[in-house]
Amino acid sequence: MPRLDVNPNSKPNSSPLWLIPVLLGFLTGQTHAKDVLSVPEQVSLSANKYTQQLTISWRGGAATTFDIVILRTEFSETAFSETVSVAVDQASGLHQWNWTSVEPLECTSLSIKIRSRDKHMTSEWSNTQILQGNDLPSNGKMQMYPRDGIVLPVGANTTFCCIAEEGRVFDIIRYSDMVMNATQLSRRTFATTVINQSPSGTSGTNVICTDSLNELIGSVVFVGYPPLPVDLACETHDLTSAVCQWNEGRNTYLYGKRRTHYTLNKRDCALGSSNQKQRQCSLPQWEGNWTLVAVNPLGQYSLTDSAELSHRVRPVAPANLTSVAHAWNATVQWQWKYESYSSLALLCHIELTSHGSKRNYTVSGVGLQSVKVLDLHPDEDYSVRIRCGAQKNFWKWGNWSDPFAFKTKRYMPDAPDVWMWLNRDNTANILWKVFFYYFYFDYKRRIGIELPHAKYTFPFLFFLSSDVEPLAVSRAVYMDSGFFLLWQNNVDVTCGYIVEWNNASCDLNCHVEWLKVAKGYVNVSVESAEFQPGVRYNLSLYSCSSEPPVLLQRWQGYTQELVPSTSVGLSISQQGSDILLTWEEIPLLDRRGFIKGYNIYNSTGSELTLIANLPEQGSQSYTVKGLVEGSHKFTVKAYNSVGEDTGATVSITLHKYSTSILCVLQGPLDVKPSSHSVIHIVEKPEWDSSKEALVVIPEEDEEEEGMGEEPVDTDEPTSLRYYNQVVDDRPIRPRFPDSSASSASSLDSGRTEVTYTGIQTSGCGGGGYKPQMQPKVPREALPEPFLEPPAATTGGYKPQNSWHLDSPVETRESGGLAPSLGSPTSVASTQFLLPDDEEHTEDKRQSSSSAATWFTNLLSSTKP
C-alpha cells in the first residue's frame, strides 16, 4: 500500500491565476466529501500483550475504507501506515480492525489515528489515541520484553526490546552467546530481531540486556515444536482392559510444564519419566476405538486406532518358573497372572542357554503352562526364559519371563540324537548331538553307534537309500527371527517329528542342522545363527516312529531375498527376419531369491526399452519378430521379489535372409558342368553365435579381386560366395584325403575353394533351396581315412551327404563325371547338418542315385 501523507499542516505552493477555478472545483469536491465521509469517532484501543496484538475499534458511518496510521510516539516514526477495508458490524455499528506488532507492545508508546476514504476523497483525521508503552519517565527501571517464559516455534523470527534505566546508557543485547545488532525505538528503548530461531535446551534460551554500568536484565524463551506422536496401537493383556502405546515422535524440546500432555478417549493419561520416547495409557474396558490427543503450548495433534479384542492379544510374561530335570530333557512349568489364559490358544517361544550358546523352540497349546525341552546334555547347567503370543490372530510376542536356571541329572545314556545326511554322490554324513561315540555298518547297510564306556550299541533306523520320491516344495516364510513351519498332524507318528534344514546350494558334506518336535505339536519356528540373507534353505519334515523316518513335507525359503548377483547366460541367433534369444538359468547360489520371471529389453539405443515380460520361471527363450536389417542389441534381466539383476546383453547384425541356393532358372535350361564353386569365409577373432548367417555374393566380384585372367564362359552357372559369420575355433579337417588346394581349408585363410565333381539336383521349381535328406553310408563300407567319430543319430541339421566312394563302374558309366560328390558339406563344422530318415533309407538311396544319374547324363549331353 502507498505511504500516506500524515502532515495536516502542509501548505500548497503558489500557483498561477488560471488554477483558481480548478482549486475552487477541488475545494467544492472536498467540501462535498466532508459532507458525505464521516470522521471516525470514539476510537478505542485494546492490547493483548502476550500475542502482541492491538485491536482498534471506532464509529465511521457507512464508510468501508479507512486510512490507519500508527506512529512510535516519542520519535514520531511510522510503525504502520496503510489503507484497509473494514466492514461495519451491523449489531454494534462499530468498525474493528486488528494489528499485530513486530515489537512487543510494552517497548514504547504508540499513537493511532484514522480517517475515512472513498477513492480519492478522504475525511478529516480522527483524534489521536495513544497506547502507553513502558518507557515513560514515570517507569524508570530497566526492563526486557518479551518477559520470561514465552514459547516460540522453531524457525520463528522474534523481536526483543530492552528499556534502559532512566539516566543510564544502553550497552548491548545478547541472544544466547551472540551479540545482536540493536535499533533505537525511543529515548530509552532498543530492539533486536532474531531470525530462524533454533530449538532451546532444557532450560530455555537466555536473552540478556546490559547498560554501560554492566547492570543487566534478561528474559528466557523456549523454542520448540508442536507435538507429533506416531504409532498408536492398543492391545489387551488380560482379555478385558486396553493398554494403548505410542511413540512421542520428534523431540518437541519443551519440558516441565511446557511438555506435551496426552488424553486418550478424553481421559487424561498420567505419564512416567519424560526421558522415555515410548508412552502408554490404560483404559479399564476394551472399547475398540481410541483417539489420542497430544497438546503443548505450540499446538495439538491427534491419532486414532481401532481393532477387535481377539486381534490384539499380547500375553504377559510367564511367572514362577519351575522345572523337573532329567539327564537328556527337562520339563519347565510356569504360571499365568490371569485365569482367562486357561482357554486361550497360546504360541510360546522358549530360549535355552548353555555356556553362551542359545537354542530356540516354539510350542503351542490351549492354556499352555509347561514345555518339555529336549536334546539336553547330562549334568549340565542351563538357563531358560519364555515368552508367548496368541496362536490365533497372532499380534505380538509378550514380554520375556525372568531367566530360570536348572541343571540336568547324570545319566546312563539312551539312544543319542542322531541324524544322517545323504549326499548326492550316494555317500552319507552321520551327525549326532552327543560326543564320544563309535559307529559301524552292518550287512544290511544300517548304521549303529556304540558308547565306548557303557558298551551299549544303538542301531539307527536310517538306511543308505536315496530311492525316495521327491515331494512338492512349499515356500517357507521367515518372520521375526525364524522360519515358521506348520503342518498337518500325522497319525502314524509315535515319537514326534524331526525338522532338518541346510543350505540348498550345497551338494557335498553340507552343514546340516535339525531339531526334534514332540508328538502332538504341528508347528515350529526354525532359528539358527547360521542363517544368511540371500541364501536359499531347504527345510524338511520327517516323521518319527518305530520305522525309518519318512519325509512328510519340504519347504524352501530365504531369510531375506536379495537382487541376483549374476546375470543369465545369454545367446542369440538369427532365424530369417527374426531373432531368437536363449539363455541359461542363473545358478542357484547366485539367484539370492526366487526367480519370478525375465524382462526382455531392446537396448539398441541409449535407453532400455521393455519389449516383453516373461513371468514364468521356466521361460528360457524369446523370439523377436519382424526385425529390419542392421545392428540390434538386446538385454535380458532376471528378477525376483527384490528387483532385477544387472542384465546380460548381446548384439547381432541382421543380414538379408535368402533361401535361394544354386537355383537360377529365368529362361530355358542350359546347364554346363561347373569346374568349381568358391566359398568365402569371413573370419572373426572369437565365436559369436549371435551372427550365424550366410551372405550370398555373385561371382562377378571375383574378377575385381584379381582371381585370374581366365576367360569367362557366360553359359556357366553363377558362382556363389558364402559369408558365414560364425567361425568355429576348431581346425577344419578335410573330409577327403586330398591335399589339393581346392579341397583344403584353413582358419588363416579368408577363402576356401570347394571343387565339385558333380551337382545333385534339388528340384528348384518349388522355389528355394531344399536340403537333401540322404541315408548315411555304413561305417564298415568306408576306408579307414574316411572314418570320423560317430555323430548323434537323432535330430540336428546335417549337410547333403549323398556321396559314396567312386567305383570304376560308376566312373565309366558317368563318362568320367563322378555323380557322388554333388553337394558341399559345411565348411564351418565337420558335423552332419541334415537328419537321416531311417524309415525311408532305401527309397532315398534309389532316388538320390537316379537323380545323380539324370543330371550327369544331362551335363554329358551338353558337352561341345
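The values are calculated or read from the model by the stated rules, or taken from the named source; none is laboratory data. Predicted, not measured: the structure shown is a model, and the values here were computed from it. Reconstructed Cβ throughout: ideal geometry from the backbone, glycine too, with neighbour counts over all protein chains shown. For accessibility, only protein heavy atoms count, side chains too; no ligands or nucleic acids. Shrake-Rupley method; radii C 1.70, N 1.55, O 1.52, S 1.80 Å.
The criterion of being closer than 24 Å to T236 by Cα and surrounded by fewer than 16 Cβ atoms within 10 Å (Cβ to Cβ) does not hold for S364.
Within this structure, V179 passes the test of being free of Cβ contacts under 8 Å to residues at least 12 places away in the same chain and hydrophobic (A, V, I, L, M, F, W, C). Within region 507-559, being surrounded by 14 or more Cβ atoms within 10 Å (Cβ to Cβ), of a type in the set (G, A, S), in a loop (DSSP other than H, G, I, E, B) and touching a Leu at 6+ places or on another chain (Cβ under 8 Å) holds for A518, G534. Out of S101, S126, I need the residue that is in contact (Cβ under 8 Å) with a residue 60 or more places away in the chain, of a type in the set (S, T, N, Q) and outside the structural domain of A182 (by the TED database). Which one? That would be S126, the only listed residue that is in contact (Cβ under 8 Å) with a residue 60 or more places away in the chain, of a type in the set (S, T, N, Q) and outside the structural domain of A182 (by the TED database). If you filter region 280-294 down to residues that are touching a residue at least 40 places away in the same chain (Cβ under 8 Å) and open to solvent by 60 Å² or more (accessible area, probe 1.4 Å), you find that the one that is nearest to G256 (Cα to Cα) is S282. From the list T83, T108, the one residue that fits, being among the hydroxyl-bearing types (S, T, Y), in a loop (DSSP other than H, G, I, E, B) and open to solvent by less than 40 Å² (accessible area, probe 1.4 Å), is T108. Of the set (1) surrounded by 14 or more Cβ atoms within 10 Å (Cβ to Cβ); (2) modelled with pLDDT of 95 or more, all apply to D402 but (1). The residues listed here are S343, S306; of these, the one that is out of contact with any Phe, Trp or Tyr (no Cβ under 8 Å at 6 or more places or on another chain) and either among the basic types (K, R) or open to solvent by 60 Å² or more (accessible area, probe 1.4 Å) (or both) is S343.
For region 319-338, does any single residue satisfy the condition of being open to solvent by 30 Å² or more (accessible area, probe 1.4 Å), within 37 Å of the chain's Cα centre (by Cα) and closer than 28 Å to G520 by Cα? Checked region 319-338: no residue is open to solvent by 30 Å² or more (accessible area, probe 1.4 Å), within 37 Å of the chain's Cα centre (by Cα) and closer than 28 Å to G520 by Cα. Kindly indicate whether any position in region 143-163 is aliphatic (A, V, I, L, M) and part of a loop (DSSP other than H, G, I, E, B). Scanning region 143-163, I find at least one residue that is aliphatic (A, V, I, L, M) and part of a loop (DSSP other than H, G, I, E, B), so the answer is yes.
Okay, residues lined up against (1) open to solvent by 60 Å² or more (accessible area, probe 1.4 Å); (2) within 13 Å of M144 (Cβ to Cβ); (3) in a loop (DSSP other than H, G, I, E, B); (4) in contact with a Ser or Thr (Cβ under 8 Å, 6 or more places away or on another chain):
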| site | (1), (2), (3), (4) |
| --- | --- |
| I173 | no, yes, no, yes |
| V179 | yes, no, no, no |
| F190 | no, yes, no, yes |
| S198 | yes, no, yes, no |
| G201 | no, no, yes, no |
| I208 | no, yes, no, no |
| N214 | yes, no, yes, no |
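Is it the case, given these coordinates, that Y437 is modelled with pLDDT of 70 or more and surrounded by 12 or more Cβ atoms within 10 Å (Cβ to Cβ)? Can you show your working first?
Values: modelled with pLDDT of 70 or more: no; surrounded by 12 or more Cβ atoms within 10 Å (Cβ to Cβ): yes.
No; evaluated as a whole, the condition is false for this residue.
Filter region 226-279 down to the residues that are hydrophobic (A, V, I, L, M, F, W, C), open to solvent by 20 Å² or more (accessible area, probe 1.4 Å) and within 21 Å of S198 (Cβ to Cβ) and list them by number. L228, the sole residue that qualifies.
Residues in region 566-589 that are over 17 Å from T649 (Cα atoms) and open to solvent by 40 Å² or more (accessible area, probe 1.4 Å): Q575, S577, P587, L588, L589. Checked against the criterion of being assigned to a loop (DSSP other than H, G, I, E, B), in contact with a strand residue (DSSP E or B) (Cβ under 7 Å, 6 or more places away or on another chain) and not polar (S, T, N, Q), the candidates L376, L303 yield just one match: L376.
Just checking, how many residues over region 287-310 are closer than 21 Å to K392 by Cβ and of a type in the set (D, E)? Final tally of qualifying residues: 2. The condition (being more than 30 Å from V526 (Cα to Cα) and touching a residue at least 12 places away in the same chain (Cβ under 8 Å)) is satisfied by just one residue among S565, S571: S571. When region 622-641 is limited to residues that are at pLDDT 90 or above and over 23 Å from the mean Cα position of the chain (by Cα), the one that is least open to solvent (accessible area, probe 1.4 Å) turns out to be F634. Given the structure, is S619 surrounded by 12 or more Cβ atoms within 10 Å (Cβ to Cβ), polar (S, T, N, Q) and at pLDDT below 60? When the stated conditions are applied, S619 does not pass them.
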